[in-house]
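Engineer: I am attaching a structure below and will ask some questions about it afterwards.
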Amino acid sequence: MVRTLKENYLDLTVEEIYSIIDYSESVPWPNNFTIEKKIKFLESIRDYFINKEEYEKCARLQTIITNLETSK
């Protein structure tokens, strides 16, 4: 399967976002991100990795989502 430049760029972008989230002590969220917006954003990244069958990343993201949900 030949991947388009757009698909490759999306993959690189999501991987970079994940690396920032995974390796940062504190995620550098934009000031206007509410907890709900953070959760929605993380869920979309988690769903992306579900489609890629990268379940370790999904589990890590789910842990962050759960922590955010309990901090509401």
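Read-outs: derived from the displayed coordinates by stated rules, not from any lab. A quick note: this is a predicted structure, and the numbers were derived from the prediction, not measured. All Cβ positions, even for glycine, are placed from backbone atoms using ideal geometry, and neighbour counts span all protein chains on display.
Engineer: For the chain, how many pairs of lysine residues have a Cα-Cα distance under 20 Å, where the two are 8 or more positions apart or belong to different chains?
Structural biologist: For the chain, the number of qualifying lysine pairs is 8.
Engineer: If each of LEU68 and ARG3 carries a label point 7 Å out from its Cα toward its Cβ, how far apart are those two points in nm?
Structural biologist: So the two model labels end up 2.5 nm from each other.
Engineer: To the nearest 500 deg cm²/dmol, what mean residue ellipticity at 222 nm is calculated for the chain from DSSP H runs of n ≥ 4 alone, each contributing -39,500 (n - 2.57), summed and divided by the residues?
Structural biologist: That calculation yields -24500 deg cm²/dmol at 222 nm.
Engineer: What are the semi-axes of the equivalent ellipsoid of segment 28-68, taken as the square roots of 5 times the eigenvalues of the Cα gyration tensor, listed largest first and rounded to whole Å? Show your work: numbers first, answer last.
Structural biologist: Working: eigenvalues 78, 20, 11 Å².
Listed largest to smallest, the semi-axes of segment 28-68 are 20, 10, 7 Å.
Engineer: Could you work out how far helix 35-51 tilts from the main Cα principal axis of the chain, as a 0 to 90 degree angle to the nearest 10?
Structural biologist: 30
Engineer: GLU43 to ASP22: extension gain in nm, 0.36 nm per residue of separation minus the Cα-Cα distance?
Structural biologist: This chain segment gains 6.1 nm when fully extended.
Engineer: Sticking with this structure for a sec: Please work out the ratio of the alpha-carbon Rg of the chain to 2.2 N^0.38 Å and round it to two decimals.
Structural biologist: Working: Rg = 13.0 Å, N = 72, 2.2 N^0.38 = 11.2 Å.
Normalised Rg, Cα atoms only: 1.17.
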